[in-house]
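*Asks:* I have a structure here, written as structure tokens, and I will follow up with some questions on it.
The values are calculated or read from the model by the stated rules, or taken from the named source; none is laboratory data. Only a predicted model underlies this, so the values are computations on that prediction, with no experimental measurement involved. For neighbour counting, all protein chains shown are included, and Cβ atoms are generated from backbone atoms with ideal geometry for every residue, glycine included. In case anyone asks, the SASA skips ligands and DNA or RNA and just uses the protein heavy atoms, side chains included. Shrake-Rupley method; radii C 1.70, N 1.55, O 1.52, S 1.80 Å.
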Amino acid sequence: MIDRYCIETGYVSLNKHGEILCGDHIETATDETGSAVIVLADGLGSGVKACILSTLTSKILSTMMANGMPMQECISTIASTLPMCKVRELAYSTFTMIRISEYREAEIIQYDNPGVIMLRDGKNFDYPIISETIDGKTILKSKVSLQENDVFVAMSDGVLHAGAGGLYDFGWDRKDVIDFLEKLYSDKLNARTISTTLLDMCNELYEGKPGDDTTVCTIKIRTRKQINLLIGPPEDPNDVSKMMSLFFSKEGRHIVCGGTTSTLAAEFLGRRLDCSDCCYADPDIPPTAKIQGVDLVTEGVITMSRVLEYAKDYLGSNARYSEWSYKDDGASQIARMLFQEATDINFFVGRAMNPAHQNPKLPIGFNVKMQLIDELAKCLKQINKNIKVSYF
């Protein structure tokens, strides 16, 4: 069971209007048993002070919990460590902590943040909550047995404040957020897309000027899915059979990128490279082709350059989601497979020199494939994909 499932985490934040630093902070850690610990902290106030408070809180809690420290000791440490606000006479940051143990159980510990919303089969799931007082602070504790595609959405109070004084008198309430998430839900959406879409709605309600730091962190329990991508022929022509054998022996879906690479893949499979239905879904991206036994066949460098652009944007504002989430060009299809579908990605990269890349008028070097895959792999690791790159 442990090998079958994985934890997908995606979080995004909006700074309070006029502030350079965000007063919310998220920290992740893993304990010695492999359990994942995710902490969302919301520092008192905003700006530098709030940023320091939330960073300290999330770092201390995630580290202590990952090292098996009791919750009472964690809370006491937070209370004694954080500086005192002289104006409000408070020395704390609110927090939400979620610990996923062996993909079987989620432990949720909450202090003064909006309650975690859990979706099961796309609908709100009312998990049990027990209240406990630790050092004068009311802590809410929950334990939930997990199922595939369970979704947990943690948030700072900036989410519920969105729209206050504008579209809503007092901001939208928890039920409004639940309704939004239920309508949004699709088992194809990954954790980051859920977080980004909810945060975009908050920004819209704030009319582009957030009145509070606003953070959304989504955790999704999902089945591992492997994607394999092949680009470029091997440096030694004698290694073609070895490279293709290893590539096609992998479980999961297979993507082949590049004209020469596609021809070699078709020859290896004893199939025809079919370009008869080629169409330009995007005038800037070369068309796709078909090989029986291959899930997707695309051009190489131009297509992968666009995928890298999408990956960099995905790590930021994810503003180009509306482009690659529905278009049928090769780059958009690869983006959906790598960003949304895959949990584990194997890159097979051939080192053969492409004569076209030797043209001094082109702004690329012969090792452009390696550079593209190296940068793309780094981006994908930042969104918690398991990456393996093999060169030939």
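*Asks:* Taking H placed 1.01 Å from N in the peptide plane, check which residues at least 5 places from ILE139 or on another chain put their amide H under 5 Å from its amide H.
*Replies:* Placed amide hydrogens put GLU132, THR133, ILE134 under 5 Å from ILE139.
*Asks:* Still on this structure: Full-extension gain between ASP328 and LEU315, please, as 0.36 nm times their residue separation minus the C-alpha to C-alpha distance.
*Replies:* Fully extending the segment from ASP328 to LEU315 adds 2.5 nm.
*Asks:* Let me ask something additional. Give me the mean projected area, in nm² to one decimal, of the convex hull enclosing the Cα positions of the range 200-330.
*Replies:* Reported value for the Cα convex hull: 10.9 nm².
*Asks:* With θ set to phi - 60°, apply the Karplus curve 6.51 cos²θ - 1.76 cosθ + 1.60 along the range 314-329 and write out the HN-Hα couplings as whole Hz, x wherever there is a Gly or Pro.
*Replies:* Each residue's phi maps through the Karplus curve to give 4, 6, x, 7, 6, 5, 8, 4, 5, 7, 7, 6, 9, 5, 9, 5 Hz.
*Asks:* Bin width 10 Å, origin at 0, all Cα-Cα pairs of the chain: what percent of pairs per bin?
*Replies:* Answer for the chain: a P(r) of 5, 21, 27, 21, 15, 9, 2, 0 percent.
*Asks:* Residues of the chain: accessible area per residue at 1.4 Å, in Å²?
*Replies:* 47 Å²
*Asks:* With r as the distance between the Cβ atoms of ASN203 and ASP31 and R0 = 35 Å, compute the FRET efficiency 1/(1 + (r/R0)^6) and round to 0.05.
*Replies:* In this case the efficiency is close to 0.50.
*Asks:* Taking amide hydrogens as modeled 1.01 Å from N in the peptide plane, which residues meet the under 5 Å criterion relative to SER35, leaving out close sequence neighbours?
*Replies:* HN-HN under 5 Å from SER35: GLU102.
*Asks:* Efficiency by 1/(1 + (r/R0)^6): what FRET value for GLN147 and ASP112, r their Cβ-Cβ distance, R0 = 35 Å, to the nearest 0.05?
*Replies:* 0.75
*Asks:* Ok, one more. Explain nothing, just compute: Karplus ³J(HN,Hα) = 6.51 cos²θ - 1.76 cosθ + 1.60, θ = phi - 60°, for every residue of the range 41-52 in order, whole Hz, x for Gly and Pro.
*Replies:* The phi angles translate into 10, 10, x, 4, x, 8, x, 4, 4, 5, 4, 5 Hz.
*Asks:* With r as the distance between the Cβ atoms of ASP173 and ASP374 and R0 = 45 Å, compute the FRET efficiency 1/(1 + (r/R0)^6) and round to 0.05.
*Replies:* Computed FRET efficiency for ASP374 and ASP173 comes out at 0.45.
*Asks:* Here's something else I'd like to know. Using a cut-off of 18 Å between alpha-carbon atoms, which lysines can reach LYS388, once sequence neighbours fewer than 8 places away in the same chain are excluded?
*Replies:* Answer for LYS388, where 18 Å is the Cα cut-off: LYS225, LYS242, LYS250, LYS369, LYS378, listed by chain and number.
*Asks:* Over the range 63-164, what number does the Rg to Rh ratio reach, with both radii from the alpha-carbon atoms and Rh per Kirkwood?
*Replies:* Using only Cα positions, Rg/Rh for the range 63-164 is 1.00.
*Asks:* Say each of LEU246 and VAL389 gets a label point 7 Å from the Cα, pointing the same way as Cα to Cβ; how far apart are those two points in nm?
*Replies:* Going from the LEU246 label point to the VAL389 one covers 1.5 nm.
*Asks:* I would also like to ask the following. Using just the helices of the chain, give the 222 nm mean residue ellipticity in deg cm²/dmol: DSSP H runs with n ≥ 4 each add -39,500 (n - 2.57), and the total is spread over all residues, rounded to 500.
*Replies:* Helix-only estimate at 222 nm: -9500 deg cm²/dmol.
*Asks:* Students often forget the sequence filter, so: which aspartates and glutamates lie under 15 Å Cα-Cα from LYS188 once same-chain residues fewer than 8 apart are removed?
*Replies:* Correct list for LYS188: GLU8, ASP121, GLU148, ASP150, GLU341.
*Asks:* Between beta-carbons, use under 15 Å as the cut-off and find the net charge around SER262, counting Lys and Arg +1, Asp and Glu -1.
*Replies:* With Lys, Arg at +1 and Asp, Glu at -1, the net is -1.
*Asks:* What pairs from LYS59/LYS137; LYS49/LYS175; LYS59/LYS209; LYS209/LYS312 go past 26 Å between their alpha carbons?
*Replies:* LYS49/LYS175; LYS59/LYS209
*Asks:* Any chance you could check the Cα centroid distance between the range 281-352 and the range 47-69 for me, in angstrom?
*Replies:* 37 Å
*Asks:* Tally up the carbon and sulfur contribution to the accessible surface of the range 1-158 as a whole percent, 1.4 Å probe, everything protein left in place.
*Replies:* Of the solvent-accessible surface of the range 1-158, carbon and sulfur hold 50 percent.
*Asks:* Also, quick follow-up: How big is the equivalent ellipsoid of the range 196-250 along its three axes, where each semi-axis is √(5λ) from the Cα gyration tensor, reported in whole Å from largest to smallest?
*Replies:* Largest first, the range 196-250 gives 48, 15, 7 Å.
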